[in-house]
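Read through the structure below, which is laid out as structure tokens, and then see the notes.
The values are calculated or read from the model by the stated rules, or taken from the named source; none is laboratory data. Just so it is clear, the model here is predicted, and its values are computed rather than measured. Cβ placement follows ideal geometry from the backbone for every residue including glycine, while neighbour counts extend to all protein chains displayed.
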């Protein structure tokens with residue numbers, strides 16, 4: 001059942017859902033004039049010339065709350081006196097004419113119902129401080145004067161009047177509050193509950209549709225950029241095909257009181273061409289300041305691929321050295337490592353211990369992961385760009401994504417893939433592999449109770465430890 005209201009200024013007639021309470025003023029949605037509602041007529045009372053700000057609905061739209069259907073009978077935007085802080089208020093009536101209220105601003109979304117005002121409640125509201133309601137205490141939070149900026153529909157007070165609003169927060173439940181509002185000589189009290197923004201927006205038809213469309217755009221963009229990530233993954237294997245597969249060998253060579261200073265590792269196989277081989281090892285010897293030459297030798301031709309020299313440090317506890325060396329451009333074949341220590345002519349016998357790991361192939365995944373993260377992040381940034389452009393309708397179907405704005409997404413895809421290929425060539429590809437070495441003094445600071453220095457086996461599993 002609807003009621004009809006005629007504007008006293010432009011004489012247009014607006015149908016609005018029936019309400020039990022008798023409204024006092026009518027804000028015309030055609031000319032924004034305010035009319036005072038009398039028994040059988042309306043009387044011009046003034047005009048509100050401002051504009052609505054971020055309203056979620058229009059007059060007579062339906063809202064379902066707690067299983068009941070309501071019609072919007074009044075909408076207003078209000079602003080705090082002396083500031084730019086504004087919020088929107090909606091008056092809703094169900095089929096019986098009972099009212100509820102919804103309100104939202106930049107930092108809140110709330111549902112309110114009017115509660116009967118008693119003499120005790122009136123006195124507590126005058127004093128401020130704390131208000132008692134249904135056995136709970138509500139403490140004074142803040143107060144503000146509010147002025148109407150824009151209005152449409154019917155209102156149960158003079159909408160042109162300035163109101164004095166005070167908010168009282170529940171002692172313990174921060175989602176509940178009381179709002180005491182004074183218009184002229186009339187004071188009203190409302191019980192309110194804060195709602196989360198998404199749940200609040202979903203109460204309104206237009207906002208539900210907007211959320212659905214936005215989510216659909218996000219889904220389509222994430223899918224599009226996920227396909228780009230899939231292409232990046234394929235490029236990772238295609239560009240680094242010769243080193244994608246990784247094989248590791250671990251072993252140790254232990255020689256006590258040896259007069260020989262050259263040791264050969266067991267052979268290992270290299271499959272494929274232009275391989276990268278990384279050797280990580282710990283070497284101990286009983287004499288300090290001894291140099292160690294490490295060579296990669298082809299088993300069949302006895303050709304030395306590369307020799308690197310490492311120095312053993314004298315660190316007063318033991319003579320250990322932690323090292324890494326990279327061999328580049330190694331072709332298919334069987335190889336071994338040759339460890340050659342400089343001889344100490346004053347002490348022909350030495351104890352040697354080499355613990356090593358050989359990694360054949362292997363490609364860093366860091367640039368791949370970074371590129372995928374950048375790609376998916378770009379999807380979210382691009383999503384917000386589309387939302388800000390108000391172009392959500394254009395991207396509801398996935399098949400339209402690549403054609404959007406003259407194939408703009410494809411251009412971004414090309415840029416991302418180009419950057420990945422460039423970064424892969426510069427930092428990951430074996431084409432830029434450089435033979436390198438790291439020579440570090442290795443000191444493991446784990447001590448036993450008798451203060452004997454203890455080194456744990458780093459790479460191989462042979463032998464529990466050495467002291």
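Of note:
- Elements of type strands (runs of 3 or more DSSP E) contained in the range 67-179, each with 2 or more residues being more than 39 Å from the chain's Cα centre (by Cα), surrounded by 17 or more Cβ atoms within 10 Å (Cβ to Cβ) and modelled with pLDDT of 90 or more: 86-94, 130-133, 136-155
- Residue 156 in the same structural domain as residue 106 (by TED's automatic domain parsing), touching a residue at least 24 places away in the same chain (Cβ under 8 Å) and over 18 Å from residue 104 (Cα atoms): yes
Listed here are the residues, each with its yes/no results for (1) crowded, with 17+ Cβ neighbours inside 10 Å; (2) in the same structural domain as residue 405 (by TED's automatic domain parsing); (3) touching a strand residue (DSSP E or B) at 6+ places or on another chain (Cβ under 6 Å).
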residue: 211; (1), (2), (3): no, yes, no
residue: 228; (1), (2), (3): yes, yes, no
residue: 299; (1), (2), (3): no, no, yes
residue: 306; (1), (2), (3): yes, no, yes
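- Residue within the range 126-147 that is without any contact (Cβ under 8 Å) to a residue 24 or more places away in the chain, closer than 17 Å to residue 74 by Cα and either assigned by TED's automatic domain parsing to the domain that holds residue 53 or out of contact with any strand residue (DSSP E or B) (no Cβ under 9 Å at 6 or more places or on another chain) (or both) present: no
- Condition met for residue 346 (exposed (fewer than 13 other Cβ atoms within 10 Å of the Cβ), at positive phi and modelled with pLDDT under 85): no
- Residue 378 meets all of the listed conditions (1) exposed (fewer than 12 other Cβ atoms within 10 Å of the Cβ); (2) closer than 14 Å to residue 227 by Cα but one, namely (1).
- Any hit, the range 426-434, residues being surrounded by 13 or more Cβ atoms within 10 Å (Cβ to Cβ), under 22 Å from the mean Cα position of the chain (by Cα), within 24 Å of residue 328 (Cβ to Cβ) and at pLDDT 70 or above: no
Residue-by-condition table, conditions (1) at pLDDT 90 or above; (2) part of a loop (DSSP other than H, G, I, E, B):
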{"residue": "231", "(1), (2)": "yes, no"}
{"residue": "244", "(1), (2)": "no, yes"}
{"residue": "251", "(1), (2)": "no, no"}
{"residue": "283", "(1), (2)": "no, no"}
{"residue": "287", "(1), (2)": "no, yes"}
{"residue": "292", "(1), (2)": "no, no"}
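- Residue 356 vs. criteria within 49 Å of the chain's Cα centre (by Cα) and either part of a strand (DSSP E or B) or outside the structural domain of residue 418 (by TED's automatic domain parsing) (or both): yes
- All positions within the range 27-66 that are part of a strand (DSSP E or B) and farther than 18 Å from residue 97 by Cβ: 27, 33, 34, 35, 36, 42, 43, 44, 45, 46, 47
- The residues in the range 8-25 that are farther than 20 Å from residue 94 by Cβ and either buried (at least 19 other Cβ atoms within 10 Å of the Cβ) or touching a residue at least 24 places away in the same chain (Cβ under 8 Å) (or both) can be counted, and the count is 4.
- The set of residues from the range 246-283 being exposed (fewer than 14 other Cβ atoms within 10 Å of the Cβ) and farther than 17 Å from residue 297 by Cα comprises 246, 256, 257, 259, 260.
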